[in-house]
1. Across segment 357-375, which residue is modelled with the highest pLDDT among those that are surrounded by 19 or more Cβ atoms within 10 Å (Cβ to Cβ) and not in a helix (DSSP H, G or I)?
2. Does any residue in segment 230-248 that is closer than 27 Å to W114 by Cβ and surrounded by 16 or more Cβ atoms within 10 Å (Cβ to Cβ) come within less than 6 Å, Cβ to Cβ, of a residue that is modelled with pLDDT of 90 or more and among the aromatic types (F, W, Y) six or more places away or on a different chain, and which pairs are these?
3. Considering (1) closer than 26 Å to A251 by Cβ; (2) exposed (fewer than 14 other Cβ atoms within 10 Å of the Cβ); (3) touching a Phe, Trp or Tyr at 6+ places or on another chain (Cβ under 7 Å), say which one M54 fails and leave the rest.
4. Looking at (1) over 30 Å from G190 (Cβ atoms); (2) touching a residue at least 60 places away in the same chain (Cβ under 8 Å); (3) of a type outside the set (F, W, Y), which is the one condition that is false for K262?
5. Scan (1) farther than 26 Å from M244 by Cβ; (2) at pLDDT 90 or above for the single condition R81 breaks and write down its number.
6. What pairs can you find where one residue is in segment 117-137 and assigned by TED's automatic domain parsing to the domain that holds A170 and under 10 Å from V189 (Cα atoms), the other is part of a strand (DSSP E or B) and among the aromatic types (F, W, Y), and their Cβ atoms are less than 8 Å apart, with a gap of 6+ or different chains?
7. Within the bounds of segment 29-49, is there any residue that is touching a Gly at 6+ places or on another chain (Cβ under 7 Å) and in the same structural domain as N233 (by TED's automatic domain parsing)?
8. Do you know which of the residues in segment 376-412 that are in a helix (DSSP H, G or I) and of a type in the set (K, R) is modelled with the highest pLDDT?
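The values are calculated or read from the model by the stated rules, or taken from the named source; none is laboratory data. No experiment lies behind these values; they were computed from the predicted model shown. Heads up, the Cβs are rebuilt from the backbone with ideal geometry, glycines too, and the neighbour counts pull from every protein chain shown.
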Amino acid sequence: MKVSKQNVRENFLLALDTLRTHKFRSFLTILGVLIGVMTVITVASVFAGLDNQMAEAVRDLGMRTLFIFKWEPGIRFRLSREERLRKPLTYEDAMAIRDQCPDIEKVAAEKYIWWGPPPNLKYKGMEILNYNFIGATTDDFDVINDSLADGRFFTDADDTHRRNVAVIGADIVKRFFEHEDPIGKMLTVGNDNFQVIGTIGPRKRFPGDNGSDRVVKIPYLTFRKIYPNEKENFLVAMAYEGRMKEAIEEAGNVLRRRRHVKPSDPDSFGISTAESLITQFRDIMGMVVLVTVVISSIGLLVGGIGVMNIMLVSVTERTREIGVRKAIGARRSDITWQFLLEAMTLTGSGGLLGIAFGCGMSLLIRALDFLPSQVPLWSVAVGFIVSVCIGLFFGMWPALKASRLDPIVALRHE
């Protein structure tokens, strides 16, 4: 079905003239396409923003970092009973990994209050309830790339002597010490006082994470002295450059021996890396995007059916016009392309409006600081191409019906 460029131009102008003549009807017809494309653009922009934020946050921790848990790593709603009953990782495990793994440069152990909220954090009548309270060994700052903003990090001597010193995050500094120097000040954590000796610079944040900079770190042995009943540990290690695979294998072998795991049994711990965290996040978000696209495709389908309906009505309304065009020499291909281009112009216009609204939604989400958002170019291209293809697909039957009309019968149509 060939058609000249001149005919395409004429048919395109006819299609635009039809849209101008029936503005409101055309808008209602493309509403489904508009909503579907807008949804795809909005979801794609949020996904791209979250993906970029996640990648930056993980890279900020270090691409050579290993995260070691007593459970299998991953984003889940709950742990299995077997995972909850596993023996905790220990400080001694961290030291064994440090001493027995030649491809691991540094290892750190961290302690948290696992069950229940952290103790109240107070300074001069001000209080913070929701924050991360961590007991960490001195290598922790290097392993997870903490940047020193002011003062100093605590040392092995501070840890060995169980001193009540603390290094605090940027959000704590902003909340308590906006107009004064935090170094040397005393914070109250629960029933204990800690002297601030250093501050950590702002970190890249994970999606949904508001606590990366709301952190108080104290020496590991100090934490263990104050909270002797907290048995759980979280281990982090840093592999030498280019030795990540070997480091994972070595750490796994050490832990299997120390935890007395039989050769035939699976690991009773989990090791994750920055790369695997990004992969897990993208797998989850990929499923979310897929579900959203499937739902939004319903809107596109409804829009396509509306376009077919309106085009069939248009064929009926313009039967005499079709007869006149055929009588003066228009071919079947000319009539077919006239209605196909009209349908594609209709849905393409809906696609462009959907792209505009989707970009607007993305900018609004970013301006409100609700979620990170950036519109990927592929989503704009896909949105427009899909909208035009909907017009091509759903406009095919009305266009063929118009092209097959008998010119004599069409001219007699009132």
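1. Result: V375.
2. Within 6 Å, the pairs are V236/F67.
3. Condition not satisfied by M54: (2).
4. Against the list (1) over 30 Å from G190 (Cβ atoms); (2) touching a residue at least 60 places away in the same chain (Cβ under 8 Å); (3) of a type outside the set (F, W, Y), K262 comes up short only on (2).
5. Only one criterion in (1) farther than 26 Å from M244 by Cβ; (2) at pLDDT 90 or above is unmet by R81, namely (2).
6. P118/F133; P119/F133; L121/F133
7. No, segment 29-49 has no match at all.
8. Only one residue fits best here, namely K401.
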